[in-house]
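S.K.: One structure, as structure tokens, below. Some questions next.
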Amino acid sequence: MAGLLPRGRRPRKTPEDGKGRIVAGGVLIGSAVAFGAVVGPWSPLGGAAGVTVVSVLTLGGLGGGAAALVYGIRRHRDYGAHLAKGYPAAPPQGHGLLVSGSFLLAAGSIGMTVFAIPGAAEPVDSARWGLLAGSGVSLAGGTALLVLGARRNGDWKRSEASVRVQPTSDLSPQGGSVGVVGRF
């Protein structure tokens with residue numbers, strides 16, 4: 001009788017799996033650490049004002065990333081409990097792919113902008129060509145992840161909107177029952 005819902009259980013909407021928030025938390029934490037390490041020593045503001053601005057932005061990114069990570073882990077735990085109760089598994093939700101694709105697209109766009117800033121009149125050295133290549137790969141990868149994530153998210157949403165019928169059964173000392181429950 002594995003896979004059958006316990007008596008009185010109706011199929012319900014699948015909760016969010018939390019993967020998008022976990023990815024977002026990791027990206028925010030990594031970005032905050034990189035920002036603090038790269039911009040901190042060379043703050044354009046200089047002095048106490050520069051240290052304060054960089055510190056606030058770095059700590060804000062760390063705090064926001066930690067909050068997103070904790071919330072995503074809680075959501076993922078709730079999703080696991082949902083599956084452990086015997087509810088049918090839904091298709092992948094695609095939120096992690098959407099978040100990571102968005103990040104790569106933004107990073108590639110920033111890299112392309114930085115490549116274009118010095119101007120076309122200056123000679124292009126190997127470091128700038130490396131930046132251009134890395135930015136192009138980031139843009140292509142981000143676009144691919146966004147397309148795949150959007151497709152998975154659409155499949156998940158369509159599966160949630162579809163009609164589901166689930167057989168149920170229950171055995172007790174007084175007898176047993178067999179039934180069908182559905183969500184329309």
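S.K.: Which aspartates and glutamates does K85 reach when only Cα atoms under 19 Å apart count, and residues fewer than 8 places away in its own chain are ignored?
M.R.: Cα-Cα hits under 19 Å: E16, D17, E160, D170.
S.K.: With every atom except the alpha carbons ignored, what do you get for Rg and Dmax of the stretch 42-102, in angstroms?
M.R.: Cα radius of gyration and Dmax of the stretch 42-102 are 18.9, 59 Å respectively.
S.K.: To the nearest 0.05, how large is the calculated FRET efficiency for R158 and V70 if R₀ is 35 Å and r is the Cβ-Cβ distance?
M.R.: 0.70
Taken together, the values in this text are just the output of simple stated rules run on the coordinates, not laboratory data. Not measured: the values here are computed from a predicted model. Cβ atoms come from the backbone with ideal geometry, glycine included; neighbour counts cover every protein chain shown.
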